[in-house]
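The values are calculated or read from the model by the stated rules, or taken from the named source; none is laboratory data. Bear in mind that the values here come from a model prediction, so they are computed numbers and not experimental data. Every residue, glycine among them, receives a Cβ derived from its backbone with ideal geometry; neighbour counts consider all protein chains shown. Accessible surface areas use protein heavy atoms only, side chains included; no ligands, DNA or RNA. Shrake-Rupley method; radii C 1.70, N 1.55, O 1.52, S 1.80 Å.
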Amino acid sequence: MTKPERPIAKTPHARISFEFFPPKSPDMEDQLWQTVKALQPYQPDFVSVTYGAGGTTREPTLATVKRLIADTSLATASHLTCVGATRDEVRAVVEEFQAAGVRHFVALRGDPQGGMGSRYAPHPGGFVNAADLVSGLRDLGDFEISVSAYPERHPESENDDVDLDMLKQKVDAGATRALTQFFFDNDIFERYLERVRAAGITIPIVPGIMPIQNLTQLKRFASMCGASTPSFLDERFEGTEGDAQARAAVAADIAAEQIADLSRRGIEEFHIYTMNRAPLTIATLERLGIAAKVGEVSNAAA
């Protein structure tokens, strides 16, 4: 099955996490913290904050992480990349985030400095790749370390075997969880998970779920990162042009149906790419019977 079926099954006990990105303007900052306030009552396992390749968002990421740890009860992870930086520079960044209370990193190689589609080259004196970065993190502290995984293969991988070997290297280096690139065909994810388990990789492989804010923009981004956009997406959005409310309802249905179908296949954890916007994420969770929880938990950092 490639298209999730309706009606949407309730999955109130699904475990969720959210991804945010550091704001680039005062208006975007206001939007981020409104989103955090709206999503905090759903008590995710953790939230993560992205980090630009070569440390291009180091200060905004650190500021966002610090505020999340200080002002919310959300277990907070920081992304970390190694493009365009020496080992000593990366270590200094890790120590800075560690001092802020970070105990969980999402370790990524990062996009090539020339942008997506250009050739990647390790920085002289830097970490070679994400597996090397994971190993370096292990040497620096007893961190929880998440890494990336690609159900449809990383665009730079020559084939599926090469891609799977890189994931295995990251796990052997000490990764404790993998968060996947977004996808919309659950059969692709299931086949990928079968290959991962057959390779002896046992860490949790958490599906990345992308509620569709804008289908045209999504297709453009998907084409750059090697993710497919099945034809049923066009079919589902057909007739919603000019009707933002209808498009939002369809998008929430699609994301909720995908999670419900994965849940029926035995998946219990989901990482939601919020795009720093709460309404579509909340609508998705409501369709799944995942309710906001009353009360607060103590401040923590994953």
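Mean residue ellipticity at 222 nm from the helices of the chain, using -39,500 (n - 2.57) per DSSP H segment of n ≥ 4 over the full residue count, to the nearest 500 deg cm²/dmol?
One gets -13000 deg cm²/dmol as the mean residue ellipticity at 222 nm.
With a cut-off of 8 Å between alpha carbons and a minimum separation of six or more residues, what is the relative contact order of the range 211-302 in percent?
That works out to 34 percent.
Counting only C-alpha contacts under 8 Å and six or more residues apart, can you give the relative contact order of the chain as a whole percent?
It rounds to 28 percent for the chain.
Could you work out the local net charge near Glu269, counting Lys and Arg as +1, Asp and Glu as -1, over the other residues with Cβ closer than 10 Å to its Cβ?
Net local charge, Glu269 excluded: 0.
I'd like the per residue volume of the convex hull spanned by the Cα atoms of the chain, given in cubic angstrom.
Given the Cα convex hull of the chain, per-residue volume reads 132 Å³.
Assuming a ≥ b ≥ c are the square roots of the Cα gyration tensor eigenvalues, decide whether the range 189-302 counts as rounded (a/c under 1.5), prolate (otherwise, with a/b larger than b/c) or oblate.
Judged from the Cα gyration tensor, the range 189-302 comes out oblate (a/c at least 1.5, b/c at or above a/b).
Where the accessible area of the chain is counted over protein heavy atoms with a 1.4 Å probe, how much of it, in %, is carbon and sulfur?
Its accessible area is 49 percent carbon and sulfur atoms.
Under a Cβ-Cβ cut-off of 12 Å, what is the net charge of the residues other than Thr35 that fall near it, where Lys and Arg count +1 and Asp and Glu count -1?
Here the charged neighbours net out to -1.
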